[in-house]
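K.L.:
Structure in structure tokens, see below.
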Amino acid sequence: MNDEQKDFIKQSFLFVFTSGIVLGMLWAAYVSRSMGDLLFVLALALLVGAYTWFKQEKFFLWLVLFAVGGLFLGSMRLTHVDQPLDPLIREYADSQVTIEGTVVRDPEERLGRIEYVLGDVGLGVDKRAVSGNILVRGDRVPKFAYGDVVVWEGKLQLPESFLTDSGRIFDYPGYLKKDGIVATISFAHGAYVGEGKQNFVKSLLYKVKHIYIENIDSVVPVPESMLAAGLLLGERGSFGEDLTNDFRRAGLIHIVVLSGYNIAIISEYALVLFRKKFRKKLSLILAGLFIVLFALLVGGGATVVRASIMGLLVLLARGGSRRYNITRALVFAGLLMILHNPLILIYDVSFHLSVLATVALIYVAPLVERYVTKLPETFGVREAGIATIATQIFVLPYLIYRMGEVSLIAP
């Protein structure tokens, strides 16, 4: 057995196992979470495995076993994560409440208010613990920071789906659920209690980010400063609803969403910086550390996490002098992400678009390349044009399905 055959076998097992996990999660999300139903499907799969064993097809037998294992693991993982709503939350829904919790994410400014995600929440005067995070929209003053323990007063509400301007129903509960948020409080009034549990690295990175944004604001006028923060750090909180909608209608909203391009810049510049002073392997380790820190700095959205994992795999391949397989890297990155948080597979549109766009760059871009030979190669115009056309074509059906609108002037 040569190296290519071994590589094919390893890749087959990875793809089949990942497909099994995805199907298991989709089964649990949309079909049934009954253990009896799942065991019935597993029994049918094992019958297929027994048939391949009888036919002496050991390779296919192992594929079936990997698929069955993935199916079972995917179903169990999503069932474990997607728990029913805490009865205490449902009991106090649509009521004025007092809660105390720790700010577990970097606060974001949205439409003139500050959004805080609270964890370790205690409800009521007796601070009864509730499972899940609560999204609180408070005034701009006073302003709280990551790690602060704050007492809030306001009306506790369960998120509800709503109809968008394009006529599509937006699954707002699912959008929040993927981030562990189970309820919201709008127009809340907060009071600082003290300092709670926090990650020192995250706290430091958030402070650095805020200083950087303040420096941008001090030298660049609005709205250009907001665009700069969006391009560099993915910050869209201060855009405002009108500006965000303008970007979306023009098909330009993706330029303020961090992606693999940002990760590639971070990685390459880190390598250039460290190669002058350190050996190759240490330079690669430090570049990988920079990628991880950048992902934490910008909040670790789905697109950034996917690109960061693939970027780390590139560095790992360089360090071991091994060939980098981008398709395998994409599948592996997606596998790690859905195992960590299965709800992104069901509810996270940005995760779906990130994967689809990467697939387009891998498989559709080479097909487009033969038709754009007239584009100049100067300043990378042809390369950018190929990537843009390929991704737009490939993600178009999904965009129409999810958004209900398509920009005719989108680049």
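The values are calculated or read from the model by the stated rules, or taken from the named source; none is laboratory data. Note that the structure is a prediction, hence the values are computed from the model and not measured. Reconstructed Cβ throughout: ideal geometry from the backbone, glycine too, with neighbour counts over all protein chains shown.
K.L.:
Could you go through region 54-68 and let me know if any residue there is under 24 Å from the mean Cα position of the chain (by Cα) and hydrophobic (A, V, I, L, M, F, W, C). Step through it out loud before you land on a result.
P.N.:
Filtering region 54-68 for residues under 24 Å from the mean Cα position of the chain (by Cα) gives none.
No, region 54-68 contains no residue that is under 24 Å from the mean Cα position of the chain (by Cα) and hydrophobic (A, V, I, L, M, F, W, C).
K.L.:
Something else: Output the residue which, of all residues in region 101-125 that are among the small types (G, A, S) and modelled with pLDDT of 90 or more, is surrounded by the most Cβ atoms within 10 Å (Cβ to Cβ). Break it down stepwise before answering.
P.N.:
Of region 101-125, the ones among the small types (G, A, S) are 101, 112, 119, 122, 124.
Going one step further and asking which of them are modelled with pLDDT of 90 or more, we end up with 101, 119, 122.
On the way: G101: 25, G119: 16, G122: 17.
Ranking the candidates gives G101 first.
K.L.:
Suppose we filter region 200-234 for residues that are in a loop (DSSP other than H, G, I, E, B) and free of Cβ contacts under 8 Å to residues at least 24 places away in the same chain; how many remain? Write out each step before concluding.
P.N.:
Within region 200-234, the first condition is being in a loop (DSSP other than H, G, I, E, B), and the residues that meet it are 220-223, 234.
Of the ones still in play, those that are also free of Cβ contacts under 8 Å to residues at least 24 places away in the same chain are 220-223.
Qualifying residue count, region 200-234: 4.
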